[in-house]
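A.B. asks: The structure's right below; bear with me while I get my questions together.
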Amino acid sequence: MTAALSLKDVTLTHGDGEEIVLALDHVSLEVGPGELVAIVGPSGAGKSSLLAVAGALTPPTSGTVRLGELDLGTASRRELTRIRRERIGFVFQSGNLIPALTSLDQIRLPLTFGTFENPRDPRRLLAEVGMEHKADRRPHQLSGGERQRVGIARALVTRPQVLLVDEPTAALDRQRSQDVVALLAREAHDHGVATVMVTHDHDVLHHCDRVLEMIDGRLREPLAETA
Amino acid sequence: MFLALRELRFARGRFALMGAVVALIAILVVILSGLSVGLANDGVSGLQRMPVASFAFQENVSKDAAFSRSVVGQDALDTWAEQDGVIGAVPFGNTLVNARTDQGVEIDLALFGIETGSFLDPAIRYGSAEVQEGEVVISRTAAEEGIEVGDTIILQPSEAELTVVDILDDQHTFGHVDVGYLPLKTWQEARAGVRPGDVVPDRVYEEFTAVALQVDDESAVDWAAADEAAGTTSLTREESYGASPGYTAEIATLQLIQWFLYAISALVIGAFFTVLTIQRRQEIAVLRAMGASTRYLLRDSLVQSIVLLVVSAGIGIGIGLALGAAVSATAMPFALEAAPIAVATVLLLVLGLLGAALAVLRITRVDPLAALGGSR
C-alpha cells in the first residue's frame, strides 16, 4: 500500500558558511493511512523541522517528500499552499486558535479558504470532539484541553490525508493530555488519517502505533525504556 | 469576509477608536470643503455667474491684480469683435468702491460696468429691471446688509449717487464685496471719481477694465494672434479668478490644509493597520500554515479597512454636514455643495485605503513557519 506520507533521505540545513546547522540529517519516514506515529526527542533535535518539511512549510535541502503519489518538490509555492489547505491538517501548541472566533467558527474557518469536495460537518465534528456545549465560546473562555480539542476538530474538518501535530499536550495536565491524545488516535484510526505527532510527553505514547526518536536531526527507533 | 467581519465585531473597541479618528478627519474635511466653496463664492461668484469664456485685459498686466490695474479701450474691443470664433465682445468695467446709503448703511461694492442690452446685462441674464444711467442692480447679499429697492447709494468720496432699481436673487460677489451692476457710462464716471456737476473729459468714457468675450468654440480662436493684434492679455474666466483680491492665497491655503488632512488620514490608517498586522503576525502565520492564500488574507484585511473607512467616514460626513448646515446659517462664508464634498469623500476613502493597503502588504512577508512551536 502507498504511504500517505513519505520522507526519503531528507536533509534540511539552516544558515550558511561556518554557521550552517543540520536540522534534519538524511531522515526517512513512511506513515500509512490511519497510522499515528509519535516523534520524541529533546528540544532542538529537529522535531519541528520535520513537521515543517512534512507540512510543506519549508522545502528540504535534499531528499524527497511525498503525500501519496504527489512529490512536494515539484510543486510551486501556490500549489504548496493549496496542498496544505486540502491535504494537510495542523494541530498547533495550545491550539493556536483565532481569538475573534467562537469554537464553531474556528472549525468553519478552513472551509472558507477554498472549495472542498466532501468536508466534515463542523457542528457534528465539534460534537465528536466533545465540545458541542461550548460552540459559541471564544478561545479565552476555554481551558487548555478544550482549546486543543477545538484545534483538532479544525484540523480535521477538510478531511486531510495527513495530520501533523505539534506538542499537543505541552500546556495540559496529565488527564487532559491522555484525553487529547486518545482523541487524536481515535480520529486517525476511524478516518484513516496519517498522523505524525511531535511530543515531549512520554506518558501518552501508549496511544500511538509507532514511536520514533529524533536526536541531532536523525530519526531512529527509540531505546526500549523511552518508548 | 468571514474572518474580517468577525474580527471587526470582536475588537470593536479598538476599531471604534480608529473609526473615531477617521470620523473626526471627515468632519474637518467637510468643514474645510464648505469654507473653500464659501470663500470661493465670496471671492468670485460674480465672475462665476458671467456668461463669459475669457476676459482680454491690458497687455502684460499683472495676473493677480488684472481687474484693478487693467485699462483697455475701443481699439481692443473692435479688434476682438472681428476675431474668428468670437461671437460676442463687450466692454466690462470693474472697480471696488466704498459707499453708504441714504438710510445710513455703510457698504463696500464691486461696481460691474456693463453695456445695457449686452450678454452681461442682468436684465438679459436674469430678467431684472433695466438699469439706466445713475442706477444700480445689486446682489442679494447686499440686500442682506439692509439695502432695499429705491434706496440711494452714495459713493465715497465723490458723493455720486446711484439708485437701487432691483435686487438679484443669487449671491454676486467679487473679492468678498457685493456686486452692483450699472451702465458702463455711469461706471466710468464712478471709476474716475466724477462729482456731481463736474466737467467730464472724453477720455473717461474711452476706458474700461477688459473686453468680455463669448466664443462658440475656444479652439477656433487664435488667442495669441488676437492678443497680439489687440494689444491685450487674455485670461479664461477661471484664470481670471486669480485676479480677485486674496482669492488664490485663500483657496491655496485651504486646499493645502485639506491635502494635509488626506495625508494624515492615509498615514493614521496605514499606521493602525501596520500595528494590527504586526500584532496578528502569529495568527496570520497559523492561517497561512493552514492553507489560507495570500489573496484571501489581503482581501480579508482590505475588507476590514473598507468597512472601517466607509462607516467612520460616513458618520463623520453626516456630522460634518449637520455642523455645516448650522454654520451656513451664520454670516461666515460657508457653502455646502455636493460635488466638492463628494470629491473630498472619495479622496479620503481612496487615500485611506491606499494607506491600509500598503500596511496590510506586510501579510505577504509573514512566514507560516512561525506557526510551529519552535518559532514562538
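A.B. asks: Being open to solvent by less than 50 Å² (accessible area, probe 1.4 Å), more than 14 Å from chain A (Cβ to nearest Cβ), modelled with pLDDT of 90 or more and within 23 Å of the chain's Cα centre (by Cα) is true for just one of B:SER240, B:SER312. Which residue is that?
C.D. replies: Testing whether each residue is open to solvent by less than 50 Å² (accessible area, probe 1.4 Å), more than 14 Å from chain A (Cβ to nearest Cβ), modelled with pLDDT of 90 or more and within 23 Å of the chain's Cα centre (by Cα) leaves just B:SER240.
A.B. asks: Let me ask you something else. Got a number for residues in region B:318-376 being open to solvent by 40 Å² or more (accessible area, probe 1.4 Å) and within 14 Å of chain A (Cβ to nearest Cβ)?
C.D. replies: 7
A.B. asks: Also: Inside region A:73-101, can you point out the residues that are open to solvent by 10 Å² or more (accessible area, probe 1.4 Å), assigned to a loop (DSSP other than H, G, I, E, B), more than 8 Å from every other protein chain (Cβ to nearest Cβ) and touching a residue at least 40 places away in the same chain (Cβ under 8 Å)?
C.D. replies: Within region A:73-101, A:SER94, A:LEU97 qualify.
A.B. asks: Follow-up. Among the residues of region A:142-171, which ones are within 14 Å of chain B (Cβ to nearest Cβ) and free of Cβ contacts under 8 Å to residues at least 40 places away in the same chain?
C.D. replies: Passing the criteria: only A:THR169.
One line per residue, one yes/no per condition, for (1) assigned by TED's automatic domain parsing to the domain that holds B:ARG69; (2) surrounded by 18 or more Cβ atoms within 10 Å (Cβ to Cβ):
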position: B:VAL194; (1), (2): yes, yes
position: B:GLY197; (1), (2): yes, no
position: B:GLU207; (1), (2): yes, no
position: B:LEU213; (1), (2): yes, yes
position: B:ALA225; (1), (2): yes, no
position: B:LEU235; (1), (2): no, yes
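A.B. asks: Among the listed residues A:GLY217, A:GLY192, which satisfies the condition of being touching a residue at least 24 places away in the same chain (Cβ under 8 Å), small (Gly, Ala, Ser) and touching a strand residue (DSSP E or B) at 6+ places or on another chain (Cβ under 7 Å)?
C.D. replies: So the residue among A:GLY217, A:GLY192 that is touching a residue at least 24 places away in the same chain (Cβ under 8 Å), small (Gly, Ala, Ser) and touching a strand residue (DSSP E or B) at 6+ places or on another chain (Cβ under 7 Å) is A:GLY217.
A.B. asks: Looking only at residues in region B:277-286 that are within 14 Å of chain A (Cβ to nearest Cβ) and touching a residue at least 60 places away in the same chain (Cβ under 8 Å), which one is surrounded by the most Cβ atoms within 10 Å (Cβ to Cβ)?
C.D. replies: So, considering only residues that are within 14 Å of chain A (Cβ to nearest Cβ) and touching a residue at least 60 places away in the same chain (Cβ under 8 Å), the one surrounded by the most Cβ atoms within 10 Å (Cβ to Cβ) is B:ILE284.
A.B. asks: Now for a different question. Quick check, is B:GLY270 farther than 30 Å from A:THR158 by Cα and open to solvent by less than 30 Å² (accessible area, probe 1.4 Å)?
C.D. replies: yes
A.B. asks: Got a number for residues in region B:7-19 being open to solvent by 50 Å² or more (accessible area, probe 1.4 Å) and more than 14 Å from chain A (Cβ to nearest Cβ)?
C.D. replies: 2
A.B. asks: Scan the helices (runs of 4 or more DSSP H) fully inside region B:73-157 and keep the ones with 1 or more residues being free of Cβ contacts under 8 Å to residues at least 12 places away in the same chain.
C.D. replies: Where helices (runs of 4 or more DSSP H) fall fully within region B:73-157 and carry at least 1 residues being free of Cβ contacts under 8 Å to residues at least 12 places away in the same chain, they are B:74-81, B:122-125.
A.B. asks: Need the failing condition index for B:ALA40 against (1) farther than 18 Å from B:VAL303 by Cα; (2) at pLDDT below 90; (3) open to solvent by 20 Å² or more (accessible area, probe 1.4 Å), just the number.
C.D. replies: Only one criterion is unmet by B:ALA40, namely (3).
A.B. asks: For B:VAL61, state whether it is in contact with a Lys or Arg (Cβ under 6 Å, 6 or more places away or on another chain), open to solvent by 10 Å² or more (accessible area, probe 1.4 Å) and within 30 Å of B:GLN171 (Cβ to Cβ).
C.D. replies: yes
A.B. asks: Only residues that are of a type in the set (A, V, I, L, M), in contact with a helix residue (DSSP H, G or I) (Cβ under 6 Å, 6 or more places away or on another chain) and more than 19 Å from B:LEU372 (Cβ to Cβ): list them for region A:196-220, please.
C.D. replies: A:VAL204, A:VAL211
A.B. asks: Which condition number in (1) open to solvent by less than 10 Å² (accessible area, probe 1.4 Å); (2) closer than 23 Å to A:VAL181 by Cα is the one that A:VAL65 fails?
C.D. replies: (2) is the only condition that A:VAL65 fails.
A.B. asks: Does region B:275-318 hold any residues that are more than 17 Å from B:LEU361 (Cα to Cα) and hydroxyl-bearing (Ser, Thr, Tyr), and which are they?
C.D. replies: B:SER312, the sole residue that qualifies.
A.B. asks: Now, a different point. How many residues does region A:12-28 contain that are surrounded by fewer than 20 Cβ atoms within 10 Å (Cβ to Cβ) and of a type in the set (A, V, I, L, M, F, W, C)?
C.D. replies: Selection size over region A:12-28: 3.
A.B. asks: Suppose we keep only residues that are among the polar types (S, T, N, Q) and modelled with pLDDT of 90 or more within region A:182-227. Which one would you say is surrounded by the fewest Cβ atoms within 10 Å (Cβ to Cβ)?
C.D. replies: Out of the qualifying residues, it is A:THR199.
A.B. asks: Is it the case that region B:172-184 has a residue that's open to solvent by 30 Å² or more (accessible area, probe 1.4 Å) and either without any contact (Cβ under 8 Å) to a residue 60 or more places away in the chain or out of contact with any Ser or Thr (no Cβ under 9 Å at 6 or more places or on another chain) (or both)?
C.D. replies: No, there is no match, as no residue in region B:172-184 is open to solvent by 30 Å² or more (accessible area, probe 1.4 Å) and either without any contact (Cβ under 8 Å) to a residue 60 or more places away in the chain or out of contact with any Ser or Thr (no Cβ under 9 Å at 6 or more places or on another chain) (or both).
A.B. asks: Further, regarding this structure: Of the residues B:TYR126, B:TYR205, B:TYR181, which is in contact with a Lys or Arg (Cβ under 7 Å, 6 or more places away or on another chain) and not charged (D, E, K, R)?
C.D. replies: B:TYR205
A.B. asks: Return the residues of region A:33-47 that are surrounded by fewer than 23 Cβ atoms within 10 Å (Cβ to Cβ) and closer than 23 Å to A:LEU80 by Cβ; say none if nothing qualifies.
C.D. replies: The answer is A:PRO33, A:VAL37.
The values are calculated or read from the model by the stated rules, or taken from the named source; none is laboratory data. What you see is a predicted model, and the numbers here were worked out from it, not measured in a lab. Because the Cβ atoms are built from the backbone with ideal geometry, glycine has one as well, and the counts that use them run over all protein chains shown. Areas reflect the complete protein model, heavy atoms only, side chains present, ligands, DNA and RNA absent. Shrake-Rupley method; radii C 1.70, N 1.55, O 1.52, S 1.80 Å.
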